[in-house]
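Participant: This is the structure, below, for whatever I ask next.
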Amino acid sequence: MTAQPANVMARITFIQNDGVERVVEAEPGMTVMEAAVKNSIPGIAAECGGACACATCHVYVEEAWREPTGHPEQMEEDMLDFAFDVRPESRLSCQIKVTDALDGLVVRIPDKQF
Amino acid sequence: MSEDVIKTDAVIVGAGPVGLFAVFELGLVDIKAHVVDILDRPGGQCAELYPEKPIYDIPGLTVVSGQELTDRLMAQIKPFGAEFHFNQRVESLERLDHGFRLTTDGGTKLECKILVIAAGGGSFTPKRPPLPGIEHYEGTSVFYSVRKMENFKDRDVLIVGGGDSALDWTLNLQPVAKSLTLLHRRAEFRAAPASVQKMLDLVESGDISFKLGQVTELHGEGGKLTSVTVKGADRVTFEQPTEVMMPFFGLTMKLGPVADWGLDLQENLIPVDTAKFETSEPRIFAIGDINTYPGKLKLILSGFHEAALMAQAAHKYVYPDKKLIFQYTTSSSSLQKKLGVK
Ligand SMILES: Cc1cc2nc3c(=O)[nH]c(=O)nc-3n(C[C@H](O)[C@H](O)[C@H](O)COP(=O)(O)OP(=O)(O)OC[C@H]3O[C@@H](n4cnc5c(N)ncnc54)[C@H](O)[C@@H]3O)c2cc1C
Ligand code: FES
C-alpha cells in the first residue's frame with residue numbers, strides 16, 4: 001500500500017444564525033446536506049432525504065464560494081420557491097455535490113427555516 | 001357536515017405504502033377497512049416526496065418509482081374495496097365499548113372495531129412561514145386552505161407562492177375577493193401552463209395584480225391583518241395592504257393530532273410489540289414509519305411485514321368466535337376468491 005490517501009476530505013464550515021461555526025469533514029461525492037445531517041448540524045431538516053422535494057435543506061453560500069458551487073438547476077430553482085427568505089446566494093444543500101475543489105466551503109444556515 | 005356515522009371493521013389512518021398494504025392483509029382475513037389521508041391521493045411519502053425517484057429494495061422489483069409502487073399497491077388492494085377519504089385529517093379519537101369513533105376535520109365520523117395507525121412521518125400539513133406573530137392571524141386573516149368562501153368574500157386577498165396551489169386559488173378566489181394580489185419571488189411559475197396563462201390574462205386585464213417579492217413582516221391587530229411588508233425583487237421593501245394572506249410553501253410532515261390520542265409516545269413515535277404491532281392500548285395498532293421497537297428500520301418492506309402480523313392479531317377482535325387458519329394465497333381457494341382470481 002502506498003501512503004497516497006484514497007479520498008481527500010473536504011472541509012465545510014456551517015455558520016449558524018447565532019454566529020456559531022462548525023467545521024465538518026465531507027467525503028467528495030456526498031452532498032453538503034449529507035455532510036450536515038451526518039454531523040447533526042441544526043437547521044438542516046432535509047425531510048425528503050435529498051430528493052429535492054422539500055426545501056428544508058436551504059443554505060446561503062458565502063460570496064467567495066458562489067462560483068465554485070455553481071448555479072441551481074431548474075428543479076432546484078423551482079423547489080427554492082418553497083424555501084423562506086430566498087436570496088441570490090440561496091441553494092438547496094442536497095443539490096451541492098462535494099468535490100475536492102470545495103475544500104474550505106462556507107455556508108450559512110438561514111435564520112429561520114420552515 | 002354529515003351527521004351519518006360510517007360503521008366499519010377497521011379504520012386505517014394514513015394512505016402511505018404501509019397503510020395501503022394493510023388494506024390487503026386485513027382483506028385476506030375478511031376485515032373491511034376505510035382509509036383516511038390528509039393528502040388528495042394515495043402514496044404518502046412515496047407520492048408526495050419522491051414520486052419519480054427509484055426505490056431499489058422492494059423485494060421482487062429490481063426498481064420501482066414512488067408513484068409506480070403506489071399505483072401497483074392500489075391495483076393489488078382493489079379487490080378488497082376499501083373506501084378512501086382523502087383531503088381529510090383524522091382529528092379526534094373517542095373510545096367506545098368495543099371500538100372507537102374517529103372524527104375528521106371534514107366532519108366525517110367513522111366507527112370501527114380496530115384502529116390501524118399508519119401515519120408515517122405524520123400528517124402532511126402546509127408549511128407555516130416563520131413570520132413573527134403569524135399564529136395570531138391564522139384562521140382569521142391567514143389561511144392555508146379554503147374551507148369557507150366567506151373568509152375571502154369582498155376582502156383584499158394576497159396569495160403568496162408560485163406553484164399549483166397558489167395559482168389555482170388565485171384563479172378561484174379572483175371572482176370572490178374584493179381585490180387579489182399574487183406575490184411570488186420570481187416571474188417564473190412551477191405550475192400547470194394553462195393556469196399560468198389564465199393568471200397572466202387576469203393581470204393583463206387588470207383583474208388581479210402580480211408583484212415580485214417575499215413577505216418579511218405582518219401588520220395588524222387582534223388577528224386582523226392590515227398589511228404586510230414585502231422585500232421586493234430589487235431588495236427594496238414596500239408595504240402591501242391586505243386583509244387576507246394565503247401562503248403556499250408546500251407541505252411538511254407533522255405528527256399532528258395523533259399526539260393527543262392518549263397513546264404512549266417515544267420521541268413522537270408509537271412503541272409497539274413485535275408480535276402483533278399493537279400499541280399500549282388493545283385494538284389500536286401502529287405500523288410503518290410511525291412505530292418504534294428494538295431494531296426498527298423505517299423501510300417500506302418492514303412496514304409490509306408489520307401489516308401482515310397486525311392483521312393476524314386484529315382478527316380476534318373483529319371475529320372473536322372464529323379461529324384463524326394460516327393459508328397461502330398460492331393454494332387457498334378461499335383467499336383466491338377474495339382476491340377475485342378464482
Ligand atoms: C426521499 C426518500 C427516499 C426513500 N427511499 C426509500 C427506499 O428506497 N426504500 C424504502 O424502503 N423506504 C424509503 N423511504 C422511506 C419510505 O418512504 C417510508 O418508510 C414509507 O413511506 C413509510 O410508509 P408509511 O405508510 O408508514 O408512511 P407515510 O408514507 O409517511 O404515509 C403516512 C400518511 O399518513 C397521513 N397521515 C398522518 N397522520 C394523519 C392524520 N391524522 N389524518 C390523515 N392522514 C394522516 C400522511 O398525510 C401520509 O400521507 C424513503 C423516504 C424518502 C423521504
Ligand atoms: S433535502 Fe429536501 S430538498 Fe434538499
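Participant: Quick one: would you say B:G60 is more than 16 Å from ligand 2 (Cβ to nearest atom) and either among the basic types (K, R) or touching an Asp or Glu at 6+ places or on another chain (Cβ under 7 Å) (or both)?
Facilitator: On the way: more than 16 Å from ligand 2 (Cβ to nearest atom): yes; either among the basic types (K, R) or touching an Asp or Glu at 6+ places or on another chain (Cβ under 7 Å) (or both): no.
No.
Participant: Please specify each residue of segment B:158-206 satisfying the condition of being away from every other protein chain (no Cβ under 12 Å), touching a Leu at 6+ places or on another chain (Cβ under 8 Å) and charged (D, E, K, R).
Facilitator: Answer for segment B:158-206, where residues must be away from every other protein chain (no Cβ under 12 Å), touching a Leu at 6+ places or on another chain (Cβ under 8 Å) and charged (D, E, K, R): just B:K198.
Participant: Okay, moving on. Considering only residues that are among the hydrophobic types (A, V, I, L, M, F, W, C) and within 16 Å of ligand 2 (Cβ to nearest atom), which ones fall in segment A:97-112?
Facilitator: Within segment A:97-112, the subset among the hydrophobic types (A, V, I, L, M, F, W, C) is A:98, A:101-102, A:105-107, A:109.
Across segment A:97-112, the qualifying residues are A:V98, A:V107, A:I109.
Participant: Only one of (1) within 14 Å of chain B (Cβ to nearest Cβ); (2) loosely packed, with under 15 Cβ neighbours inside 10 Å; (3) of a type in the set (S, T, N, Q) is not met by A:S40, so which one is it?
Facilitator: (1)
For (1) surrounded by fewer than 16 Cβ atoms within 10 Å (Cβ to Cβ); (2) at pLDDT below 95; (3) of a type in the set (S, T, N, Q), each residue gets a yes or a no:
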{"site": "B:L202", "(1), (2), (3)": "no, no, no"}
{"site": "B:S205", "(1), (2), (3)": "yes, no, yes"}
{"site": "B:I208", "(1), (2), (3)": "no, no, no"}
{"site": "B:K231", "(1), (2), (3)": "no, no, no"}
{"site": "B:T252", "(1), (2), (3)": "no, yes, yes"}
{"site": "B:E278", "(1), (2), (3)": "no, no, no"}
{"site": "B:R283", "(1), (2), (3)": "no, no, no"}
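Participant: Moving on to the next point. Scan segment B:21-73 for residues that are within 23 Å of B:M310 (Cβ to Cβ), within 7 Å of ligand 1 (Cβ to nearest atom), within 17 Å of the chain's Cα centre (by Cα) and hydrophobic (A, V, I, L, M, F, W, C) and jot them down.
Facilitator: Selection gives B:V36, B:I38, B:L39, B:C46.
Participant: Okay, next question. Given (1) in a strand (DSSP E or B); (2) more than 13 Å from ligand 2 (Cβ to nearest atom), where does A:E67 come up short, assuming only one miss?
Facilitator: (1)
Participant: If you don't mind, another one. Does B:T108 satisfy the condition of being at pLDDT 95 or above, out of contact with any strand residue (DSSP E or B) (no Cβ under 9 Å at 6 or more places or on another chain), surrounded by 18 or more Cβ atoms within 10 Å (Cβ to Cβ) and hydroxyl-bearing (S, T, Y)?
Facilitator: On the way: at pLDDT 95 or above: yes; out of contact with any strand residue (DSSP E or B) (no Cβ under 9 Å at 6 or more places or on another chain): no; surrounded by 18 or more Cβ atoms within 10 Å (Cβ to Cβ): yes; hydroxyl-bearing (S, T, Y): yes.
Spelling it out, it is not the case that B:T108 is at pLDDT 95 or above, out of contact with any strand residue (DSSP E or B) (no Cβ under 9 Å at 6 or more places or on another chain), surrounded by 18 or more Cβ atoms within 10 Å (Cβ to Cβ) and hydroxyl-bearing (S, T, Y).
Participant: Mind listing whichever residues of segment A:70-96 are under 20 Å from B:S165 (Cα atoms) and more than 10 Å from ligand 2 (Cβ to nearest atom)?
Facilitator: Filtering segment A:70-96 for residues under 20 Å from B:S165 (Cα atoms) gives A:74-86.
Listed by number, the residues that qualify are A:Q74, A:E77, A:D78, A:D81, A:F84, A:D85, A:V86.
Participant: So which residues in segment A:75-113 are part of a helix (DSSP H, G or I) and either under 22 Å from B:T252 (Cα atoms) or within 16 Å of ligand 1 (Cβ to nearest atom) (or both), if there are any at all?
Facilitator: Just the residues of segment A:75-113 that are part of a helix (DSSP H, G or I), to begin with: A:75-82, A:93-95, A:100-102.
Scanning segment A:75-113 gives A:M75, A:E76, A:E77, A:D78, A:M79, A:L80, A:D81, A:F82, A:S93, A:C94, A:Q95.
Participant: If you scan segment B:247-263, which residues turn out to be more than 16 Å from ligand 2 (Cβ to nearest atom), out of contact with any helix residue (DSSP H, G or I) (no Cβ under 6 Å at 6 or more places or on another chain) and hydrophobic (A, V, I, L, M, F, W, C)?
Facilitator: Selection gives B:L255, B:V258, B:A259, B:W261, B:L263.
Participant: Say we look at segment B:13-71 and pick out the residues that are assigned to a helix (DSSP H, G or I) and of a type in the set (V, I, T); which of these is surrounded by the fewest Cβ atoms within 10 Å (Cβ to Cβ)?
Facilitator: So, considering only residues that are assigned to a helix (DSSP H, G or I) and of a type in the set (V, I, T), the one surrounded by the fewest Cβ atoms within 10 Å (Cβ to Cβ) is B:T70.
Participant: Turning to a different aspect of this structure: For residues that are in contact with a helix residue (DSSP H, G or I) (Cβ under 9 Å, 6 or more places away or on another chain) and at pLDDT 95 or above, scanning just segment B:111-127, find the one that is farthest from the other protein chains (Cβ to nearest Cβ). Step through it out loud before you land on a result.
Facilitator: Filtering segment B:111-127 down to residues in contact with a helix residue (DSSP H, G or I) (Cβ under 9 Å, 6 or more places away or on another chain) leaves B:113-114, B:116-127.
From what is left, the residues that are at pLDDT 95 or above are B:113-114, B:116-120.
Working: B:K113: 34, B:I114: 30, B:V116: 24, B:I117: 20, B:A118: 18, B:A119: 15, B:G120: 12 Å.
Top of the filtered list is B:K113.
Participant: If you go through segment A:24-47 one residue at a time, how many are without any contact (Cβ under 8 Å) to a residue 12 or more places away in the chain and near ligand 2 (Cβ under 9 Å from one of its atoms)? Quick ask: steps written out before the conclusion?
Facilitator: Quick first cut of segment A:24-47, residues without any contact (Cβ under 8 Å) to a residue 12 or more places away in the chain only: A:37, A:40, A:47.
Right, trim to near ligand 2 (Cβ under 9 Å from one of its atoms) and you get A:37, A:47.
Residues that pass the stated criteria total 2.
Participant: Let me spell it out: the conditions are (1) in the same structural domain as B:Y317 (by TED's automatic domain parsing); (2) in contact (Cβ under 8 Å) with a residue 24 or more places away in the chain; (3) not aliphatic (A, V, I, L, M), and B:T242 meets all of them except one. Which number is the exception?
Facilitator: The number of the failed condition is (1).
The values are calculated or read from the model by the stated rules, or taken from the named source; none is laboratory data. The shown structure was predicted, so the numbers you read here are calculated from the model rather than taken from an experiment. Positions of Cβ are backbone-derived with ideal geometry, glycine not excepted, and every protein chain shown enters the neighbour counts.
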